[in-house]
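The structure appears right after this line, and notes come after that.
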Amino acid sequence: MEVKNRVMMPAMGIGFLDEEGCVTSQLIEFYSERARSEPGMIMPSAIPVQPLGANNPNMLRMVPIWDDKTLHGLERMVAAVHTYDVRFGAQLLHMGIRSGQEETVGPSAVLAADGVYGNLPREMSRNEIKECIKAFGAAAERCVKAGFDFVEIHAAHGYLISQFLTPYYNRRTDEYGGDFNNRIRFLLEIIHEVRVRLGSEIPIGVRINGDDFIQEGRWTAAELCRLFGFEEPTDFPQEGGWTLAQLCRLAPILEEASVDYLNITTGVSYDHTVPPIYREQGEFAYISEEVKKHVSIPVVIRGRIKNPIMADDIVGKGKADMVAMGRAQIADAEMVEKARKGDIAEIRLCIADCRGCSEGILRYGEISCAVNPRVGREYLIKDVEGGKIAAAKRVLVAGAGCAGLEAARRAALAGHRVILCESRGWIGGQLRLAAMIPKRQEMGDIMPWYERQLNKLGVEIRLNTLVDDDLLSQIGPDVLVIATGSLPEVPLGYIKGLENIKDIELVMADELLEEQLLTGDNVLVVGGDQIGLQVADYLSERHKKVYVAERGAQFAEKMAFQDRAYLVGRIIDKAVERRARVNSVEILANDEVWMVYDDARERLPRVDTIVLASDRRPNIFLAEVAEKRGIETQIIGDASGVTGEDQGTVLSAVASGYEVGRQV
Ligand SMILES: Cc1cc2nc3c(=O)[nH]c(=O)nc-3n(C[C@H](O)[C@H](O)[C@H](O)COP(=O)(O)OP(=O)(O)OC[C@H]3O[C@@H](n4cnc5c(N)ncnc54)[C@H](O)[C@@H]3O)c2cc1C
Ligand SMILES: Cc1cc2nc3c(=O)[nH]c(=O)nc-3n(C[C@H](O)[C@H](O)[C@H](O)COP(=O)(O)O)c2cc1C
Ligand code: SF4
């Protein structure tokens, strides 16, 4: 099989299936839009081969390939993608103990290394193993019947095949467990079965871990267990994982077994399978580089490769034959086409926050994207980049945070005359502050893109320009979009005794970052959601002793779980002291600072500075002014609210900017 280029869109479970697991127009249009850009290979979400191998449908729907009713939808999707020069493959998997179903099976009755999937699995009988192998063959045959060009066997990420490979999971004493040759037997028999069923013409790939990093799941585990209501594990295996050395031994055996390519990935828990912003971009290329020394078939690598320049470098230096770019193609469906044309600056870069994609699956069973609000709506909104409307309006956008930037872009795309006013001397709003947090600079990667798009579209950007009554009368807009964000405020009922303060300084979180204020050595951050916890990380990086007081039971709840898990991990490692379920913070005479809980009180040793990072209020004074003038007004982003589950995030700010910009 020849592929057009060395970019793959790897399998990603994204939802968009109907209740019976059949393909919808929504899914077809999502992939068609990515196929139009013509990456060499695309795979849709993994397809389970047996009912027990599928995800709990309450978490994520999957295609029950064993059921004939699914074939028509798959055929439609394949036909749509084949309009373009793309090889479209089917990834086959059995989720084993990670299915989240009531009953689970595995090579042995061993709990998930990260403790996330609570039920003790049943050890598979040899009969069940044989049936499962046949099921892979049957599923492969059906996929090829539906028109897929190739199949990929998912032997990674702690799912069933990966569990057979991994000593920690596989404690069997028959021919499928024990030594290396026995542990790889299940995979080899699956490959054999699939090859016999498909013949020699259809390529077969294997997705496999370069390392389980089994001992690294602890931060994610705690967060995920809380999310799903599982008991938090106290013990984490330190050994028994599948390693690069074992893969290098297996790789030539797979080549010999007629495997056509290896798709390398890592991890058995979410902190690795979908690496967040805290992991280095492209950091796993050393694995494919090593594996390539042992095989002559193509080797693919993935992991935060979001920029074609990095992709080109990896391939150019011979570290991999192909790169799998997943979230990069969620964030920008045209990424490959833009790279092909050399329009690198045109690419809307993924900001690696995982808030729309992997978190979307956990919270809502389907993805969206923080920077690309079209995701999942490709079937509804056909105009990829805006047909011009007949009656152009004069649109004034107040505020150049991400909500205002997106609204201005989308409205200008539709042909409106847009003026974007920003009271500060720079664009980005809070996003610029978010990008100042350690290891989170990429949050700001989207800003140059917006700047470029707005300039291209002829949006008039006025910096250092406050929108007020005078400006409204001067400009006389047909429509005013209020994108003035939110402001931190003093949580008056929560923090008590402010009048007692003698030497403690009080600082607002935004002010601390924006003005790069200095603080004392001992700092209390009030508020432990995303802003508070990130600010705590920022301060501890500056060698401050930091305490965080949070009203709720959890920290950083607005963030995607694996993002949050890494942040919490950093906080723990740096000995930041977190206090949850704090009912109020009391300041007594002599600057004594007390945490008040349901049935206890605790005095903090010493506090020099208090940073307020809990409450925010929408900044909407303009709404009243505009109403008096009778101007049509839309309110977006943080200005429209910050307390809802998704509010107060880049995801919701950009989404509302898009919606309003499109409908002005
Ligand atoms: C430290 C920090 C970390 C964060 N981390 C994350 C994270 O990890 N993930 C996440 O999803 N979200 C995060 N957030 C929240 C996220 O950044 C915001 O929800 C989002 O950026 C809000 O965008 P917005 O455009 O609605 O408002 P803002 O970004 O607040 O932008 C509003 C803009 O309007 C301007 N303005 C105000 N009044 C006027 C006026 N009258 N005329 C002209 N201009 C005006 C302001 O100067 C500002 O630039 C973080 C926020 C902070 C502060
Ligand atoms: C929402 C989502 C769903 C995923 N589902 C799968 C899957 O079904 N099969 C798989 O092998 N990997 C899956 N992955 C992992 C991706 O294939 C990819 O390896 C990972 O996102 C890292 O690559 P990236 O940094 O280029 O996104 C998923 C990732 C995401 C974000
Ligand atoms: S939601 Fe965030 S991490 Fe996921 S693709 Fe979009 S920008 Fe990237």
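The values are calculated or read from the model by the stated rules, or taken from the named source; none is laboratory data. Since the structure is predicted, the reported quantities are computational estimates derived from the model, not experimental observations. Neighbour counts run over all protein chains shown; Cβ positions are idealised from the backbone, glycine included.
Selection of the stretch 1-28 for residues being assigned to a loop (DSSP other than H, G, I, E, B) and in contact with a Gly (Cβ under 7 Å, 6 or more places away or on another chain) yields Val3, Lys4, Asn5, Arg6, Pro10, Met12, Gly15, Phe16, Cys22.
Every residue in the stretch 605-620 that is over 34 Å from the mean Cα position of the chain (by Cα) and over 28 Å from Ile504 (Cβ atoms), please. Scanning the stretch 605-620 gives no hits. The residues of the stretch 157-186 that are among the hydrophobic types (A, V, I, L, M, F, W, C) and under 20 Å from Ile65 (Cα atoms), listed by number, are Leu160, Ile161.
Comparison of Glu131, Glu141 shows that the only residue that is out of contact with any helix residue (DSSP H, G or I) (no Cβ under 7 Å at 6 or more places or on another chain) and surrounded by fewer than 22 Cβ atoms within 10 Å (Cβ to Cβ) is Glu131. In the stretch 626-639, how many are crowded, with 18+ Cβ neighbours inside 10 Å and assigned to a helix (DSSP H, G or I)? So the answer is 4.
Count of the stretch 384-396 residues, restricted to those that are of a type in the set (D, E, K, R), within 13 Å of Gln663 (Cα to Cα) and modelled with pLDDT of 75 or more, is 1.
May I ask you to list the residues in the stretch 486-520 that are of a type outside the set (D, E, K, R) and farther than 29 Å from Gly399 by Cβ? Listed by number, the residues that qualify are Gly497, Leu498, Asn500, Ile501, Ile504, Gly520. Within the stretch 649-664, the residues that satisfy the criterion of being surrounded by 23 or more Cβ atoms within 10 Å (Cβ to Cβ) and away from ligand 3 (no atom under 16 Å from the Cβ) are Val660, Gly661.
Select from the stretch 316-374 the residues that are among the small types (Gly, Ala, Ser) and free of Cβ contacts under 8 Å to residues at least 24 places away in the same chain and list them in ascending order.
Looking only at the stretch 316-374, we keep the residues that are among the small types (Gly, Ala, Ser), and these are 316, 318, 320, 324, 326, 328, 331, 333, 339, 342, 345, 352, 356, 358, 360, 365, 368, 370.
Across the stretch 316-374, the qualifying residues are Gly316, Ala328, Gly342.
Only one of the numbered conditions (1) crowded, with 16+ Cβ neighbours inside 10 Å; (2) touching a helix residue (DSSP H, G or I) at 6+ places or on another chain (Cβ under 8 Å) is not met by Asp608, and that is (2). For the stretch 584-605, a residue qualifies if it is closer than 18 Å to Gln554 by Cβ and loosely packed, with under 15 Cβ neighbours inside 10 Å, and the qualifying residues are Tyr597, Asp598. Number of residues in the stretch 582-620 that are touching a residue at least 60 places away in the same chain (Cβ under 8 Å) and either under 24 Å from Lys544 (Cα atoms) or touching an Asp or Glu at 6+ places or on another chain (Cβ under 9 Å) (or both) equals 25.
Among the residues making up the stretch 396-417, a single one is touching a helix residue (DSSP H, G or I) at 6+ places or on another chain (Cβ under 6 Å) and more than 14 Å from ligand 1 (Cβ to nearest atom): Ala411.
Considering the stretch 567-579 alone, what residues qualify as being modelled with pLDDT under 95 and either in the same structural domain as Lys439 (by TED's automatic domain parsing) or of a type outside the set (Lys, Arg) (or both)? Residues satisfying the conditions are Leu567, Val568, Gly569, Ile571, Ile572, Asp573, Ala575.
Does the stretch 301-334 hold any residues that are β-branched (Val, Ile, Thr) and surrounded by 24 or more Cβ atoms within 10 Å (Cβ to Cβ), and which are they?
Initially, the stretch 301-334 is screened for residues β-branched (Val, Ile, Thr), giving 301, 305, 309, 314-315, 323, 330.
Ile301, Ile305, Val323, Ile330, listed by residue number.
For (1) among the aromatic types (Phe, Trp, Tyr); (2) over 28 Å from Ala536 (Cα atoms); (3) surrounded by 21 or more Cβ atoms within 10 Å (Cβ to Cβ), each residue gets a yes or a no:
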| residue | (1), (2), (3) |
| --- | --- |
| Arg363 | no, no, no |
| Gly376 | no, yes, yes |
| Arg394 | no, yes, no |
| Ala407 | no, yes, yes |
| Ala411 | no, yes, yes |
| Leu433 | no, no, yes |
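For the stretch 47-94, give me each residue that is farther than 16 Å from Leu17 by Cβ and assigned to a loop (DSSP other than H, G, I, E, B). The answer is Val49, Gln50, His82, Thr83, Tyr84, Asp85, Val86, His94.
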